[in-house]
Amino acid sequence: MNFPSRLVEDAVTEISKLPGIGKKTALRLVLHLLKEEEQTTELLAKALFKLRAEIKYCKHCHNISDDDICAICSSTVRDKSMICIVESSSDVMAIENTSQYYGLYHVLGGVISPIEGIGPSDLNIDSLLERMAGNEVKEVILALNSTMEADTTSFYLTKKLKNFDVKITSIARGVPIGGELEFTDEITLGRSILRRVSYE
């Protein structure tokens, strides 16, 4: 790709490093910013600098937060007897958007992956066990992705949590609404059959 300016090329190179953005999309964004008023670019740059400088992670659940304790953990209406374990803050946002869960969360910060050199000590597991020691939690929900690494992590967590008097559950996995069986992968379909429920 030929660029009319080294400055444009540098901007495209940096923006294309973002997930899901290729060189062509990055170029469109750069050209768009050049057409906008200079203040627009300044506001964007300031917002990004402020994000990196001031963002915090909740001391309890490790979710992205503006304060030391996030709004969910500090809420007086959340059910503190339930903790939903997720991989990342984006998972918290996805579950919150369903408006179906009113407990607390714990963000692991990833999953166990020996291939990538990620072990249990690299995740927020010790802080989870510290939270469990308070005896306030009655149920832990494993809401990890459907991958081999996530299954390994769930197995590891289940072993660790058995030392506590707590109910361990996992989110249901199955055929999505509107999905067709012939296009559903074998693992999902198999789990749907194994975890079938009574038809009412």
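Side notes on the structure shown:
- Unique match (being buried (at least 19 other Cβ atoms within 10 Å of the Cβ) and in contact with a Phe, Trp or Tyr (Cβ under 7 Å, 6 or more places away or on another chain)) among 107, 86, 111, 137: 86
- Checked against the criterion of being assigned to a helix (DSSP H, G or I) and of a type in the set (Phe, Trp, Tyr), the candidates 164, 155 yield just one match: 155.
- Filter result for residue 150 (of a type in the set (A, V, I, L, M, F, W, C), farther than 22 Å from residue 91 by Cα and assigned by TED's automatic domain parsing to the domain that holds residue 113): no
- Summed over the range 1-52, the residues that are acidic (Asp, Glu), in a helix (DSSP H, G or I) and loosely packed, with under 10 Cβ neighbours inside 10 Å give a count of 1.
- Among residues of the range 5-21 that are in the same structural domain as residue 35 (by TED's automatic domain parsing), those with a beta-carbon under 7 Å from a residue that is among the small types (Gly, Ala, Ser) and in a loop (DSSP other than H, G, I, E, B) at least six positions away or on a different chain give the pairs 16/22.
- Verdict on residue 149 being of a type in the set (Asp, Glu), crowded, with 17+ Cβ neighbours inside 10 Å and in a helix (DSSP H, G or I): yes
- Checking 72, 95 one by one, the residue that is surrounded by 12 or more Cβ atoms within 10 Å (Cβ to Cβ), assigned to a helix (DSSP H, G or I) and in contact with a Lys or Arg (Cβ under 7 Å, 6 or more places away or on another chain) is 72 and no other.
- Among the residues of the range 167-200, those identified as under 30 Å from residue 129 (Cα atoms) and not in a helix (DSSP H, G or I) are 167, 168, 169, 170, 171, 172, 173, 174, 195.
- Qualifying residue in the range 128-141 (condition: touching a residue at least 12 places away in the same chain (Cβ under 8 Å), on the phi > 0 side of the Ramachandran plot and either in a loop (DSSP other than H, G, I, E, B) or under 17 Å from the mean Cα position of the chain (by Cα) (or both)): yes
- Selection status of residue 115, in contact with an Asp or Glu (Cβ under 9 Å, 6 or more places away or on another chain) and assigned to a helix (DSSP H, G or I): yes
- Candidate set from the range 53-68 (those that are assigned to a loop (DSSP other than H, G, I, E, B) and under 18 Å from the mean Cα position of the chain (by Cα)); member that is farthest from residue 166 (Cα to Cα): 55
- Matching residues, the range 148-177, being of a type outside the set (A, V, I, L, M, F, W, C), closer than 23 Å to residue 101 by Cα and out of contact with any strand residue (DSSP E or B) (no Cβ under 7 Å at 6 or more places or on another chain): 151, 153, 165, 173, 174, 176
The values are calculated or read from the model by the stated rules, or taken from the named source; none is laboratory data. This is a predicted model, so every value here is computed, not measured. For neighbour counting, all protein chains shown are included, and Cβ atoms are generated from backbone atoms with ideal geometry for every residue, glycine included.
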